[in-house]
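One structure is given below, encoded as C-alpha cells.
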Amino acid sequence: MFRRFSEFSCQEWYRSERVDENIFKIRETFIDEGHGCNMWLVRGRHRNLLFDTGFGYVSLRSFLGEDVSRNVVAVSSHSHCDHIGCNHEFECRCIHSAEASVLANPTGANTIYDPYAVPEMIAVPIDPLEVKSHKITPAAPTRLLEGGDVIDLGDRAFEVIHVPGHSPGSIMLYDRRDQILFSGDAVHNGSRGIGRTSWYGADQDQYLASCERIRELPVRTCHGGHFASFDGARYRQIVEEFIAWRWAVTVEAEPSKTSQ
C-alpha cells in the first residue's frame, strides 16, 4: 500500500542525534544515506546554524519547532535537490553566489532532481508519482556567500570555504577554534570520499584545485553531507587520495612526449 508524503508526521519523517556540544545531526529517516543528506544544526548564543535542509518532502521547520527555527540561519552547502528542499521555510537563506540563481529558479535539471530522486531511495512504499512530481519550492537567497565570509552565531563562528568541483558554488563551513569542519558533499565518508563529478556543474579540475587548497586544513572532526562523521586523519586520507587519483588520470591522458 503506497503512502503519500502528506501522511507522514515530521517526527516520523525526521530523526535527530546529538553528536557534540550543541551540534545535532538530522536525517530523513526513510531515505538511504547515499541519497538523503545529513542536515546539521548548531545551536548558538544568538542564532542557530542549519547547514542544508533535505529534499523538502515533509516540513523541517515543524520538526525543529519555532524556538529553534525563528533564529535559524539556513546555509546551503550547494544547490542539489537533497540539500535545499526546505530552504523556503526559513527567513534567512544563504548560499554561495555561484549558485544563487538555482535557489531562485529550481528545476529538475539544475537541482539534479531528475534523475537523482527515485522511489527506490525511500525505504517505505511511496507512490512513485509523488516522488516524480515533487518540485523544489523557489526560495531566493537572502545572503550571498563568498569564500572567507563568516557565519557568526554569537559564541562560535564558521568561516566559509569555497570548494568548487562537485558544483560551482560548493562550500564548507569551518570552526577554526575547535577545528570542526562541515564539509557538505565536497568531502564525505562514502566509498569514494569525494562528491560525484558527473552531475550538473561538476568540474574535476576545479575539484583538484580545491583539494590541493584544503589538504593542510587542521581538522579534528569532519561532518560530511552524507555518511558518518570522521576524524582529521581520515579527512586528509580522502583528500590526498583524490589528489593522487586526479593527477594519475591527468598524466595518463597526456600524449606521450615521443608521439607525433
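Values in this text are rule-based calculations from the coordinates and carry no lab data. Every value quoted in this text rests on a predicted model; they were computed, and no experiment measured them. Glycine gets a Cβ as well: all are built from the backbone with ideal geometry, and neighbour counts include every protein chain shown.
For the range 20-69, the set of residues classified as under 16 Å from residue 228 (Cβ atoms), loosely packed, with under 14 Cβ neighbours inside 10 Å and in contact with a strand residue (DSSP E or B) (Cβ under 9 Å, 6 or more places away or on another chain) consists of 20, 32, listed by residue number.
Summed over the range 222-237, residues that are part of a strand (DSSP E or B) and aromatic (Phe, Trp, Tyr) total 1. Scan the range 152-208 for residues that are β-branched (Val, Ile, Thr) and outside any loop (DSSP other than H, G, I, E, B) and the total you get is 4. If you go through the range 111-133 and keep only what is crowded, with 18+ Cβ neighbours inside 10 Å and assigned to a loop (DSSP other than H, G, I, E, B), you end up with 111, 112, 117. Restricting 184, 165, 225, 169 to those that are farther than 25 Å from residue 17 by Cβ and touching a strand residue (DSSP E or B) at 6+ places or on another chain (Cβ under 7 Å) reduces the list to 169. Strands (runs of 3 or more DSSP E) fully within the range 1-82 that include at least 1 residues being without any contact (Cβ under 8 Å) to a residue 24 or more places away in the chain: 14-20, 23-28, 39-43.
Look through the range 4-19, keep the residues that are buried (at least 16 other Cβ atoms within 10 Å of the Cβ) and touching a helix residue (DSSP H, G or I) at 6+ places or on another chain (Cβ under 7 Å), and return whichever of them is farthest from residue 160 (Cα to Cα). Residue satisfying both the conditions and the ranking: 5.
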